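Q: Structure incoming, see below.
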Amino acid sequence: MPDILDVLAYPFMQRALIAAVLSGLLAPAVGMYVVQRRLSLLGDGLGHVAIAGVGLALVTGWTPFPVAVAVCVLGAVAIEALRGTGKAPGDTGLAILFYGGLALGILLAGVANRGTAALSQYLFGSLTTVSGSDVLVLAVLCVTGVALTLLLAPQLFSVCADEEYARTQGLPVRALNMLIVALAAITVSASMRTVGVLLVSALMVVPVAAASNIATGFRATLLTALGIGVAVAAFGTLGSVALDTPSGATIVVLAVAVFVLTAALGGAIRHRHRPPAEEPELPTFTPHIPAEADATHPPETLEGMPGTTAVLHGDHVDYLLHGHRHAPHGDHWDEH
Amino acid sequence: MVNPLSVSGLKVTLGATEVLHGVDLTVSRGETVALLGANGSGKTTLLRAALGLIPHVAGEVKLFDTPPTRFHEWSRIGYVPQHSQLQVLKATVIEMVRSGRLARRGVLRLQNLADKAAVTKALQVVRMSDLANRELTELSGGQRQRAVIARALAGEPELLLLDEPLAGLDMRSQEALAAILAELKAAGLTICMVLHELGPMKPLLDRSVVLREGNVIYSGQLAGGTYA
């Protein structure tokens, strides 16, 4: 087993650790809202679109990382824009987009004579080959993403809680929805080099799920998720060096282990502090006034007569006079 | 004086069906008005169109004399939606109530003392101060409804719009809610609520507007009655 501290002296290892921690911070920050909006699988699909960007970069000779980020964000914004106009691409449409993107990426990589081997570092992550410029791009994306999620937390929270209510608060609901999806695309593509697009959804979802096992309140859960994300990214990276295992997979397995641990812990906490029983909900009580069936008063006298009282009866209004209910019916009055 | 809510000749279509056929409704300052009608009569549609949540094809809606599309003073309105979802992961009562302050807080501004005081007050009014740090998923239906009303009150609105606030609540919770709204009415709040039945709200109401198949068929005092 190599000595961890010796390994950390290598610049490539320092870059790997920085990149992992940045991903570990960004993924749960965005994941908090991705989970609320039930977009976990959209995140997964966007990773497939990012692969098309990598393929495009391999063919054109551009730097793969920024191209993948751009293609992925464009794809996400297009999907959300369609959803916003009510022309939501259905399940099938999304599948065509995602698998089309993945296939296109593999095809372009083949055209560039780089084969699937060049793609595998994006599919599964390859922390130790992260370059200095990769770290820089990742740092910019991460700081921007985390800053946006924290600064706009109250607004994003409100939109996730209740979109219509958010509109009656004058919030730009469509722009905020777009922001969540764009941030998910940034997270997915930015995490390509660290955990790989196939596992990045796990880094968005699992720390949030683990945090929700033990924390109370949205803000506490968010902060706990950030802590768990950073911890599993850092220790997963070091662990992968110590155990000579793939870094992305090690990080995600560690995250799942933390989830299992917190689930057991959370269960124990809840068992001790059981909240008092809820007030019993009684069935809704509907007062019922029996209809009278006596027709001794001529209904015509009702019109404009003081002393009549309007009473709701079924889907219409009755006019009460001398204890009898009169309902307008065409040109006459019915006794109800 | 400007009416908090005024609707005239309002026509709304949902899909190919016209749901409201030219409805007039005015809610004056300080008034408490109920919108009544059977299922499908258009009462919830009327409320949602008044808020600009669904578009109308003809007629006019004015919130404090401004059409919803050009309306910006959203803090003057407190909306209590029907069966509010509130499915935010782990959110507590106070976190939800704080989100009712956003129309006043705006973007990138931390809570100040006035925001905190308004949230505390809103929780007190609905008698939820003790449950402020409870998660929403642990609440009963009546407590959840009170939390949603507190969210609407946190913005210190002038007009409170409620969509079937009594739905699904037991008699005791309904009476508790009516008592809270009676206090708000006494404090001068203008209230307009969609109701399925008058129930314990009856003594609060200055006026009832009854809808039937997308038309207003009655507007005035109601002595009570039933909805079968």
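Throughout, read-outs are computed from the coordinates displayed, never taken from laboratory work. Bear in mind that the values here come from a model prediction, so they are computed numbers and not experimental data. Cβ placement follows ideal geometry from the backbone for every residue including glycine, while neighbour counts extend to all protein chains displayed.
Q: Using the Kirkwood radius over C-alpha pairs as Rh, can you work out the diffusion coefficient of segment B:102-205 via Stokes-Einstein at 37 °C, viscosity 0.692 mPa s, in µm² per second?
A: After rounding, the answer is 226 µm²/s.
Q: In the Gaussian network model of chain B, springs joining C-alpha atoms below 10 Å, which of B:Ala179, B:Ala114, B:Ala34 carries the largest mean-square fluctuation?
A: Evaluated over chain B, the most mobile residue of the options is B:Ala114.
Q: Okay, next question. Within chain A, which is the longest segment that contains none of the trypsin sites (Lys or Arg not before Pro) sitting in a DSSP loop with at most 13 other Cβ atoms within 10 Å?
A: A:88-336
Q: Using only alpha carbon pairs under 8 Å that are at least six residues apart, calculate the relative contact order of segment A:10-272 and give it in whole percent.
A: Values: 421 pairs, mean separation 85.2, N = 263.
Contact order relative to length: 32 percent.
Q: For a Förster distance of 60 Å, can you work out the FRET efficiency between the beta-carbons of B:Ala187 and A:Val260, rounded to the nearest 0.05?
A: Once the sixth-power term is evaluated, E becomes 0.70.
Q: For chain A, set up a GNM with springs between Cα atoms under 10 Å and report which of A:Pro66, A:Pro207, A:Pro172 has the largest fluctuation.
A: A:Pro172
Q: Under a point-charge model restricted to the Cβ atoms of Lys and Arg (+1) and Asp and Glu (-1), what is the dipole moment magnitude of chain A relative to its Cα centre, in debye to the nearest 20?
A: Values: 14 positive and 22 negative charges, 451 e Å.
Dipole magnitude for chain A comes out near 2160 debye.
Q: Work out which GluC sites (Glu not before Pro) in chain A are exposed loop sites (DSSP not H, G, I, E or B, at most 16 other Cβ within 10 Å) and give the longest gap free of them. Please list the in-between numbers first.
A: On the way: sites that count: A:Glu278, A:Glu281, A:Glu292, A:Glu303.
It works out to A:1-277.
Q: For the pair A:Ala81/A:Thr309, report the inter-label distance in nm, with labels modelled 7 Å from Cα in the Cβ direction.
A: 6.2 nm
Q: Efficiency by 1/(1 + (r/R0)^6): what FRET value for B:Ala117 and B:Thr17, r their Cβ-Cβ distance, R0 = 60 Å, to the nearest 0.05?
A: Numbers: r = 46 Å, r/R0 = 0.77.
Rounded to the nearest 0.05, the efficiency is 0.85.
Q: Let me ask something else. Obtain the radius of gyration and the Kirkwood radius of the protein assembly as shown from its C-alpha atoms and give Rg over Rh.
A: Details: Rg = 29.1 Å, Rh = 26.7 Å.
Ratio of gyration radius to Kirkwood radius: 1.09.
Q: Ok, one more. Amide H to amide H, which residues 5 or more places from A:Arg325 or on other chains are under 5 Å from it, using H placed in the peptide plane?
A: The answer is A:Glu292, A:His336.
Q: Can you order the peptides B:63-72, B:126-135, A:196-205 by their average number of other Cβ atoms within 10 Å per residue, highest first?
A: Values: B:63-72: 13.9, B:126-135: 16.9, A:196-205: 26.8.
Per-residue mean Cβ counts within 10 Å order the peptides as A:196-205, B:126-135, B:63-72.
Q: Here's something else I'd like to know. Taking the Cα centre of chain B as origin, sum charge times position over the Cβ atoms of Lys and Arg (+1) and Asp and Glu (-1), and report the length of that vector in debye to the nearest 20.
A: In debye, rounded to 20, chain B gives about 580.
Q: If you don't mind, there's one more thing I want to ask. Check cross-link reach from B:Lys11 to the aspartates and glutamates: straight Cα distance under 17 Å, and skip same-chain residues fewer than eight apart.
A: Partners found: B:Asp24, B:Glu60, B:Glu213.
Q: If you take each beta carbon of peptide A:155-163 and count the beta carbons of other chains within 10 angstrom, what is the mean? It would help to have the intermediate numbers written out before the result.
A: Numbers: counts 6, 0, 7, 9, 2, 6, 11, 11, 2.
Neighbouring Cβ atoms belonging to other protein chains average 6 per residue here.
Q: Right, something else. Answer with one residue from A:Leu5, A:Ala118, B:Tyr218: the one whose Cα lies farthest towards the positive end of the charge dipole of the protein assembly as shown, charges on Cβ with Lys, Arg +1 and Asp, Glu -1.
A: Positive-end residue among those listed: A:Leu5.
Q: Compute the long axis of helix B:171-186 from its Cα atoms, compare it with the longest principal axis of the Cα atoms of chain B, and write down the angle in degrees, 0 to 90, nearest 10.
A: It is inclined by approximately 90 degrees.
Q: Rounded if a/c is under 1.5, else prolate if a/b beats b/c, else oblate: with a ≥ b ≥ c from the C-alpha gyration tensor eigenvalues square-rooted, which is segment A:10-272?
A: On the way: a/c = 1.84, a/b = 1.12, b/c = 1.64.
Oblate.
Q: Round to the nearest 10 and give me the degree value, 0 to 90, for the angle of helix A:218-243's Cα axis relative to the longest principal axis of chain A.
A: 20 degrees
Q: Same structure, new question: Distance between the C-alpha centers of segment B:117-179 and segment A:25-45? Whole Å please.
A: So the separation of the two Cα centres works out to 30 Å.
Q: Ok, one more. Calculated FRET efficiency, B:Val107 and A:Asp334, Cβ-Cβ r, R0 51 Å, to nearest 0.05?
A: So the FRET efficiency works out to roughly 0.30.
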